[in-house]
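Notes for the one structure printed next.
The values are calculated or read from the model by the stated rules, or taken from the named source; none is laboratory data. Computed from a predicted model, the values in this text were never measured in an experiment. Counting neighbours? That spans all protein chains shown, and the Cβs are built from the backbone with ideal geometry, glycine included.
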Amino acid sequence: DQQVKQNSPSLSVQEGRISILNCDYTNSMFDYFLWYKKYPAEGPTFLISISSIKDKNEDGRFTVFLNKSAKHLSLHIVPSQPGDSAVYFCAAGRGSTLGRLYFGRGTQLTVWP
Amino acid sequence: KAGVTQTPRYLIKTRGQQVTLSCSPISGHRSVSWYQQTPGQGLQFLFEYFSETQRNKGNFPGRFSGRQFSNSRSEMNVSTLELGDSALYLCASSHTTGQGSYEQYFGPGTRLTVT
């Protein structure tokens, strides 16, 4: 049962524009949400996280928005750069089972010049 | 600060053999989690160790086991290997931040091929 879903397998954005990656979840007990970037044959790289008590967190070009009522989160990358091209995963976890994350299937982001 | 390290990076085994993978977490992190990544199933949680105790376990058969040492380093063992165990095995270490959030950092992974 997929508790975290990324319904868009791919996204193509022009350099300099905003990239918006979306993620939905089904378990209202999740306390933490994280975004990762992954290149082939490498481990995921942590980008940014947000706890369920917040609705926004930003770090440089990356901003994560959390809408708990809709069980939806999104990652905004502004401005997008060609080096951002990778697969992006969202993940969620519960405070009661810290260490266990549930992952979406990923969205392939392509940023073209 | 050094990141999460995993050894070996690549491994080829035959069916029926066993394998041990090693992970060193980020200094100061006491939690180590293991995941399996396959094209068909995505990233699946195996288990998590904290202070040498298994704290969480995913839905994998008993052939998959692990342990953690007093220096937080962790090992994962798979016995009686099957072809379906071919995957990228990822280790991650984690901590909660001063701002009340949670961060989990991954190593580069061990690519296991079972023939």
Checking the conditions here, which among B:Gln104, B:Gln44, B:Gln6, B:Gln36 is free of Cβ contacts under 8 Å to residues at least 40 places away in the same chain, in a strand (DSSP E or B) and under 14 Å from the mean Cα position of the chain (by Cα)? B:Gln44
Scanning region A:99-109 for residues that are facing chain B (nearest Cβ under 7 Å) and within 15 Å of A:Met29 (Cβ to Cβ), which turns out surrounded by the most Cβ atoms within 10 Å (Cβ to Cβ)? A:Leu101
Give me the residue from region A:21-33 that is out of contact with any Phe, Trp or Tyr (no Cβ under 7 Å at 6 or more places or on another chain) and under 13 Å from A:His76 (Cα atoms) and, out of that set, farthest from the other protein chains (Cβ to nearest Cβ). A:Asn22
Failed criterion for B:Thr97 (all others in (1) in contact (Cβ under 8 Å) with a residue 60 or more places away in the chain; (2) facing chain A (nearest Cβ under 10 Å); (3) not hydrophobic (A, V, I, L, M, F, W, C) hold): (1)
Pick out the one residue from A:Leu66, A:Leu21 that is at pLDDT 95 or above, within 10 Å of the chain's Cα centre (by Cα) and among the aliphatic types (A, V, I, L, M). A:Leu21
Quickly run through region B:100-115 and pick out the residues that are surrounded by 17 or more Cβ atoms within 10 Å (Cβ to Cβ) and more than 7 Å from every other protein chain (Cβ to nearest Cβ). B:Thr110, B:Leu112, B:Val114
Would you check if B:Ser72 is surrounded by 15 or more Cβ atoms within 10 Å (Cβ to Cβ), more than 30 Å from A:Glu58 (Cβ to Cβ) and more than 8 Å from chain A (Cβ to nearest Cβ)? yes
Check whether at least one residue in region B:18-25 is within 12 Å of chain A (Cβ to nearest Cβ), within 17 Å of A:Thr45 (Cα to Cα) and not in a strand (DSSP E or B), and report yes or no. yes
Counting just the residues of region B:72-93 that are touching a residue at least 60 places away in the same chain (Cβ under 8 Å) and more than 10 Å from the chain's Cα centre (by Cα), which one comes out nearest to B:Thr110 (Cα to Cα)? B:Val78
Does region A:51-60 contain any residue that is more than 8 Å from chain B (Cβ to nearest Cβ), over 13 Å from the mean Cα position of the chain (by Cα) and polar (S, T, N, Q)? yes
Could you list, in sequence order, the residues of region B:10-21 that are in contact with a Lys or Arg (Cβ under 7 Å, 6 or more places away or on another chain) and over 18 Å from B:Gly66 (Cβ atoms)? B:Tyr10
